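The values are calculated or read from the model by the stated rules, or taken from the named source; none is laboratory data. Bear in mind the structure is a predicted one, so any value in this text is a computation, not a measurement. So basically every Cβ, Gly included, is an ideal-geometry build from the backbone, and we count neighbours across all protein chains shown. Ligands, DNA and RNA are excluded from the accessible area calculation, which covers all protein heavy atoms including side chains. Shrake-Rupley method; radii C 1.70, N 1.55, O 1.52, S 1.80 Å.
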Amino acid sequence: MEYFRARDGRELACRTLGRGRPLVLFHGFTGSGRDWLGPAAVLAEHGHRVILPDLRGHGASAAPHDAAAYPPDVLADDGFALLGHLGLDDYDLGGYSYGGRVVLRLLARGARPGRAVVAGQGLDAVRKATSRTGTYHAALTALIGGEPVEPGSPAYWMRQAGGDPVALRYVLGTHVPTTGLDRITTPTLVVVGDEDDGHASADALAAALPNGRFARVPGNHFTAMTGPELTTAMVEFLAQA
């Protein structure tokens with residue numbers, strides 16, 4: 001585990017596997033960089049130095065209970081801080097689910113990786129701000145309030161993940177819509193599980209990007225990430241000249 005400072009001085013964590021071309025992978029909401037360890041091991045075998053940050057409010061990174069620590073687009077700010085800390089100027093980016101939104105925010109704000117992968121994400125989600133009254137927000141509010149949690153409910157799974165519900169609820173409010181997709185020229189693979197109904201507009205997201213590529217892999221939003229087909233698609237895409 002390595003730590004670096006965000007622009008506001010908060011301490012954030014990341015892991016690194018392998019040697020070779022740098023590849024920064026962002027995890028999804030309520031997760032951590034550990035979620036990528038399986039695919040990262042394979043990518044490392046294919047010549048990548050894989051960097052796995054824990055997003056603010058997640059994992060081993062700072063998770064303050066202070067609304068001022070979660071301004072709009074702060075996760076992209078943290079991403080730029082990581083790139084600066086590592087001194088990266090020739091690298092690739094990838095992200096799954098909420099991490100895919102972070103990748104798009106970095107691209108929209110001027111990051112220029114050689115290639116990018118946006119997985120488990122659709123056009124509908126990136127074009128709107130995160131709802132402060134949606135399912136995740138309600139589940140986190142229930143956890144914070146100590147309300148009874150039904151097995152199998154969103155609140156139940158969030159509690160099982162072991163995250164900090166106060167910090168996570170603040171994180172939900174930091175997302176901003178991504179516009180200007182037609183100005184993102186980085187070759188970008190948009191990949192989604194064939195049963196991921198919540199992100200069915202992934203093909204539209206790929207079509208909105210000038211150099212977007214689209215692929216489907218087996219699985220739903222949760223199983224597609226751990227299936228070998230996603231990793232294979234990433235390896236093949238990142239290896240293209």
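Return the percentage of antiparallel bridges among DSSP beta bridges fully within the chain, rounded to the nearest 5 %. Write down the numbers at each step before the final one.
On the way: 8 of 30 bridges.
Here the antiparallel bridges make up roughly 25 percent for the chain.
Looking only at Cα atoms, what is the convex hull volume of the chain per residue, in Å³? Before the final figure, lay out the partial values.
Values: hull volume 26.7 nm³, N = 241.
Value for the chain: 111 Å³ per residue.
What do you get for Rg/Rh of segment 1-114 when both radii come from the Cα atoms and Rh is the Kirkwood radius?
On the way: Rg = 13.0 Å, Rh = 13.9 Å.
Result for segment 1-114 is an Rg/Rh of 0.94.
Which shape class applies to segment 1-50: rounded if a/c is under 1.5, otherwise prolate when a/b exceeds b/c and oblate if not, where a ≥ b ≥ c are the square roots of the Cα gyration tensor eigenvalues?
Values: a/c = 2.74, a/b = 1.58, b/c = 1.73.
In terms of gyration-tensor shape, oblate.
Ignoring everything but the protein chains, give the 1.4 Å probe accessible area of His137 in square angstrom, nearest 10.
40 Å²
Which value, in debye to the nearest 20, gives the size of the charge dipole of the chain about its Cα centre, when Lys and Arg are +1 and Asp and Glu are -1 at the Cβ? Before the final figure, lay out the partial values.
Details: 22 positive and 25 negative charges, 109 e Å.
Dipole magnitude for the chain comes out near 520 debye.
Separation between the Asn211 and Ala41 pseudo-spin-labels, each 7 Å from Cα along Cα→Cβ, expressed in nm?
It works out to 3.2 nm between the two label points.
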